[in-house]
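The next block holds one structure in the form of structure tokens; read it before the comments.
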Amino acid sequence: MEYLKKFYRFIIPYKKYAYLNIFFNILYALFSTLSFVALIPVFKVIFSDQRETVVKPTFEGLGSIKSFVENYLNFFIADKIERYGDFKVLMLMVGVIISMFLLKNLFNYLAMYYITFLRNGVLKDIRNVLFDKIVSLPLAFYSEKTKGDTISRVSADVDEVKNSFLAVLEMIVREPLTILFSLIAMLILSAKLTLFVFVFIPISGFIISKVGKSLKKGSLKVQQEQGTFLSILEETMSGLRIIKAFDVEHVFAKKFEDSNERYYKYSNALLNRQNLASPISEFLGIIVIGILLVYGGFLVFIDNSMDPSFFIGYITLAYNILTPAKAIAKASYGVKKGNGAANRILEFLESENTIKEIENPVIKNEFESNISIDNISFKYDDQLVLKNFNLNVPKGKTVALVGQSGSGKSTIANLITRFYDVTEGSISIDDIDIKNLSQSSLRGMLGVVSQDSILFNDTISNNIKIGKQDASDKEVIDALKIANAWEFVKDLPGGIHSNIGDSGNKLSGGQKQRLSIARAVLKNPPIMILDEATSALDTESERLVQSALENMMRNRTSIVIAHRLSTIQNADEIVVMQKGEIVEQGKHNDLMAKDGVYKMLVEMQSFE
């Protein structure tokens, strides 16, 4: 119930369906009981040898309700038999029973019909909220989580919640009310017999709860292991080229098989416990039915205090309790099993977003003067990556950051885009701290071209229009021309409407990178960040991409992070970094004349 309360906010928008479900479930439970009570007159007609007319009884209060019901039933049947005969009365009673069962099943269908909208609506909203959370959480969050684990929470865990908590919604009114109405009818028929049922319910509930306690822990293991093998699957598919090249398919197959074996064992243990629900509840139920048969037989045959037809009707009502009791027991196990999945979903939804936007942030659409990086330091976990870093980038200038891997160059790009927040110091655009800018404003002024060309399984046009959704085909083609990409796009069968496959795998590395540049060109931001945009390319592709970059950077403020000399030798200022600090700074010729770190890197012809 604790988890169900936390999911309650997802139920509120669909509460009208919940009310309709409750209404029809009440009717279902009522007619479910009446359909079995209606059997008693049939038994009276079939088995009774009393045909004398009796006086119509009068109701004298709740204390005599049992005798009133029995006497009225005797009067009604005797009167009708005298008028119409046994067979016609029997046919009438059968018609009533059929009508009762018809209404019972109609109301059951309507209850299920309306709960369907609630269940699927809640599932839809949970998935939407989870996806919104996925895209809103900072990159730092995913450095500690695997993709497979995240995918598992959105798919498998949500399905588990559907099969546990939302399954309970279907029976939270129906089954208890069916039991309640049946018990009321049974109390009216025989208070003594019903005492046995009241003793049975707490005993069976205790036994079922004892078995169910271990299900939450087992469920958590199952969900976690599912995240593990999904992660292995995702990594294998992403790295299939390397796996095949190094002939290690068997190594990854073994990793997957080991995880799948653990999942198999955890699932077996969990399901075997869960499967105890139905047999235990049915066995306990049949024990109480047996006791009722023995004691009821005593009341009918020896004590003569109960009419046989009432006793048969009572037993059918008692058996009518078994089905909902079994359903409640099974649902109880399901909820215990679903606790692990619910916990993982809520843990994700309640994860804190460390990149917070202030209340009433500054909305800024124009870049006017400079980017100022003022004495910043930054840590990944406990590792200091940047120390007391200062840099000023005037509008319209190109500043290049160079240095060996691990010197902190890409971290600067991640901090300016606010993928991470600085540990100390500040970064300002036009003297406004980027923490005070709305994230939409900040990223609206920035264009990013990274080393990895992130493209999506869509058309060229839709990939390029990510930063400007309303762009025309002409604008897309113009951007492609600036990026030196039109030359290959125009030869594709579908032109700009050609699909480029998963991650753009239908294209070469150079072609993908030029599309990334075209995407940034179309957005036309005032500030461009190039994060090692040519480091993974061959010489010919680099020449084309470099030309495209120069076209894009013209009259634009640019921060260039590069390994290769060709990318940065014409920069207005070059910043040489080492272990998170600036060791040299100046123009290319000035730095070469210093005969220091920069010259050494140039002579190596690679900043790698």
When the residues of the range 522-556 are filtered to those that are surrounded by fewer than 22 Cβ atoms within 10 Å (Cβ to Cβ) and assigned to a strand (DSSP E or B), which remaining residue is modelled with the lowest pLDDT? Asp531
For the range 167-183, indicate whether the set of residues that are of a type in the set (Lys, Arg), within 30 Å of Glu225 (Cα to Cα) and either outside the structural domain of Leu39 (by TED's automatic domain parsing) or assigned to a helix (DSSP H, G or I) (or both) is non-empty. no
Residue check: is Lys66 touching a Leu at 6+ places or on another chain (Cβ under 8 Å), closer than 19 Å to Ser309 by Cα and modelled with pLDDT under 70? yes
Among the candidates Gly313, Gly285, residue that is in the same structural domain as Leu34 (by TED's automatic domain parsing), in contact with a helix residue (DSSP H, G or I) (Cβ under 9 Å, 6 or more places away or on another chain) and at pLDDT below 75: Gly285
Residue check, Leu270 against (1) surrounded by 15 or more Cβ atoms within 10 Å (Cβ to Cβ); (2) modelled with pLDDT of 75 or more; (3) over 27 Å from Ser155 (Cα atoms), all met but one. Which one? (3)
Select from the range 380-418 the residues that are crowded, with 17+ Cβ neighbours inside 10 Å and hydroxyl-bearing (Ser, Thr, Tyr) and list them in ascending order. Thr398, Ser407, Ser410, Thr411, Thr417
Starting from residues that are at pLDDT 80 or above and farther than 14 Å from Thr323 by Cα, keep the ones in the range 161-179 and report whichever is surrounded by the fewest Cβ atoms within 10 Å (Cβ to Cβ). Val173
When only residues in the range 457-515 that are at pLDDT below 90, polar (S, T, N, Q) and assigned to a loop (DSSP other than H, G, I, E, B) count, which is surrounded by the most Cβ atoms within 10 Å (Cβ to Cβ)? Asn484
Just to be sure before I move on: is Ser332 more than 24 Å from Val173 (Cα to Cα), at pLDDT below 75 and in the same structural domain as Ile203 (by TED's automatic domain parsing) in the structure I sent? no
Do any residues in the range 423-447 that are touching a residue at least 12 places away in the same chain (Cβ under 8 Å) and not assigned by TED's automatic domain parsing to the domain that holds Ala479 have Cβ atoms under 6 Å from those of residues that are surrounded by fewer than 17 Cβ atoms within 10 Å (Cβ to Cβ) and hydroxyl-bearing (Ser, Thr, Tyr), where the two are at least six apart or on different chains, and which pairs are they? Thr423/Ser377; Glu424/Ser377; Asp430/Ser369
Residue hits (the range 432-482; within 25 Å of Thr354 (Cα to Cα), among the hydrophobic types (A, V, I, L, M, F, W, C) and in contact with a helix residue (DSSP H, G or I) (Cβ under 9 Å, 6 or more places away or on another chain)) are Ile434, Leu442, Leu446, Val448, Val449, Ile454
Of the conditions (1) over 21 Å from Glu573 (Cα atoms); (2) in contact (Cβ under 8 Å) with a residue 40 or more places away in the chain; (3) among the charged types (D, E, K, R); (4) touching a strand residue (DSSP E or B) at 6+ places or on another chain (Cβ under 6 Å), Lys387 satisfies every one except a single condition; which number is it? (1)
Reported set for the range 273-282 where residues are at pLDDT 70 or above and either aliphatic (A, V, I, L, M) or not assigned by TED's automatic domain parsing to the domain that holds Leu220 (or both) is Leu276, Ile280
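The values are calculated or read from the model by the stated rules, or taken from the named source; none is laboratory data. Just so it is clear, the model here is predicted, and its values are computed rather than measured. Cβ sites come from the backbone with ideal geometry, for glycine too, and all protein chains shown count toward neighbours.
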